[in-house]
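These notes are about the structure you will find just below.
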Amino acid sequence: MTELLYLTDCYLRKFEATVVATEGNRVALDRTAFYPGGGGQPADRGTLLWEDGEAQVVRLRRQGDLVWHELDIEPPPVGVSVSGVLDWEHRYKLMRTHTALHILCGVIWRDYGALVTGGNMKPLAARMDFELEHMSADFAQEVEEKINAEVAAARPVKIYILPREEAFQIPDLIRTKVNLLPEGIRQVRIVEIEGLDMQADGGAHVANTREVGTIHIVGHESKGRINKRLRIALGA
Ligand SMILES: [Zn+2]
């Protein structure tokens, strides 16, 4: 089983681990800070180092209890100690972008009562779809002002684990479809933007909304009668 270090420490960019399995050019580790992708957040990139080798992590995949790191060269054998180093520039941009999306859906829910229907992100750019009937340039402008006000408010972003039963008591979480979590999952990871948004979420986030920086709404479009899309871009 791979311990997922990013779940409790999003700022961990270097870690030590041991190879527990290999398969072709892939290694599974007993612990990793590499985010394997999912929930709209792309996988991390970076480097694995060991006593007599160094490899780029070119792809990641979570399979059952293991995170597989695909390398650009033949991997070290089982039992070897490795250091993992994240491509931090890439990851930190994704953390800022992911938190920006939570600010956006927090504001849209609070002020317009609309749920999210989908979303995706790249470093410093993202899109999100909402159950909204109307969309216009004026609306996009209004939303842009509101989300930047939340950045300026410097709200703490807290991450913690709750027992399933406790998580189900939080009315705000129901909109993020916490009730769709498989029966077997006993604990729920919560990402809370203090005073704005609360979601069951497995991704990586900054610790305070001010780290997101300026958010621009760069596009708005209709994807159906009650499905409208907003595109955002973050300042470098
Ligand atoms: Zn998220």
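The values are calculated or read from the model by the stated rules, or taken from the named source; none is laboratory data. The structure presented is a predicted model; accordingly, all values stated were derived computationally and were not measured. No Cβ is skipped: glycine too gets one built from the backbone with ideal geometry, and neighbour counts run over all protein chains shown. Heavy atoms of the whole protein, side chains included, go into the accessibility calculation; ligands, DNA and RNA do not. Shrake-Rupley method; radii C 1.70, N 1.55, O 1.52, S 1.80 Å.
Go through the range 168-194 and report how many residues are within 20 Å of Phe130 (Cα to Cα), modelled with pLDDT under 90 and either away from the ligand (no atom under 16 Å from the Cβ) or among the aliphatic types (A, V, I, L, M) (or both).
Adding up the residues that qualify gives 6.
Please return the ranges of strands (runs of 3 or more DSSP E) entirely within the range 1-50 where 1 or more residues are of a type in the set (Lys, Arg) and more than 16 Å from the ligand (Cβ to nearest atom).
14-23, 26-29
Grab the strands (runs of 3 or more DSSP E) fully contained in the range 179-236, keeping just those with 3 or more residues being on the phi < 0 side of the Ramachandran plot and open to solvent by 30 Å² or more (accessible area, probe 1.4 Å). It would help to see each step written out before you state the result.
Values: elements: 187-193, 197-200, 215-222, 228-234.
Strands (runs of 3 or more DSSP E) meeting the threshold: 215-222.
Can we say Met95 is closer than 18 Å to Arg13 by Cα, within 16 Å of the ligand (Cβ to nearest atom) and either open to solvent by 10 Å² or more (accessible area, probe 1.4 Å) or part of a helix (DSSP H, G or I) (or both)? Break it down into steps so the answer makes sense when it comes.
On the way: closer than 18 Å to Arg13 by Cα: yes; within 16 Å of the ligand (Cβ to nearest atom): yes; either open to solvent by 10 Å² or more (accessible area, probe 1.4 Å) or part of a helix (DSSP H, G or I) (or both): yes.
Judged against the criteria, Met95 is a match.
For Ile73, only one of the following conditions fails: (1) open to solvent by less than 50 Å² (accessible area, probe 1.4 Å); (2) more than 30 Å from Gly118 (Cβ to Cβ). What is its number?
It is condition (1) that Ile73 fails.
Looking only at the range 148-167, decide whether some residue is within 14 Å of the ligand (Cβ to nearest atom), within 22 Å of Leu115 (Cβ to Cβ), surrounded by 15 or more Cβ atoms within 10 Å (Cβ to Cβ) and not basic (Lys, Arg).
Yes, the range 148-167 contains at least one residue that is within 14 Å of the ligand (Cβ to nearest atom), within 22 Å of Leu115 (Cβ to Cβ), surrounded by 15 or more Cβ atoms within 10 Å (Cβ to Cβ) and not basic (Lys, Arg).
Does the range 77-88 hold any residues that are under 13 Å from Thr47 (Cβ atoms) and not hydrophobic (A, V, I, L, M, F, W, C), and which are they? Can you show your working first?
Residues of the range 77-88 that are under 13 Å from Thr47 (Cβ atoms), as a first pass: 82-88.
Correct list: Ser83, Gly84, Asp87.
Quick check: is even one residue across the range 116-125 surrounded by fewer than 14 Cβ atoms within 10 Å (Cβ to Cβ) and either more than 16 Å from the ligand (Cβ to nearest atom) or in a loop (DSSP other than H, G, I, E, B) (or both)?
Checked against the condition, which is being surrounded by fewer than 14 Cβ atoms within 10 Å (Cβ to Cβ) and either more than 16 Å from the ligand (Cβ to nearest atom) or in a loop (DSSP other than H, G, I, E, B) (or both), the range 116-125 yields no hits at all.
Hey, can you tell me all the residues within the range 195-217 that are within 16 Å of the ligand (Cβ to nearest atom) and more than 14 Å from Ala167 (Cβ to Cβ)? Let's see the steps before the verdict.
So in the range 195-217, the residues within 16 Å of the ligand (Cβ to nearest atom) come out as 196-207, 209, 211-212, 215.
Listed by number, the residues that qualify are Leu196, Asp197, Gly203, Ala204, His205, Val206, Ala207, Thr209, Glu211, Val212, Ile215.
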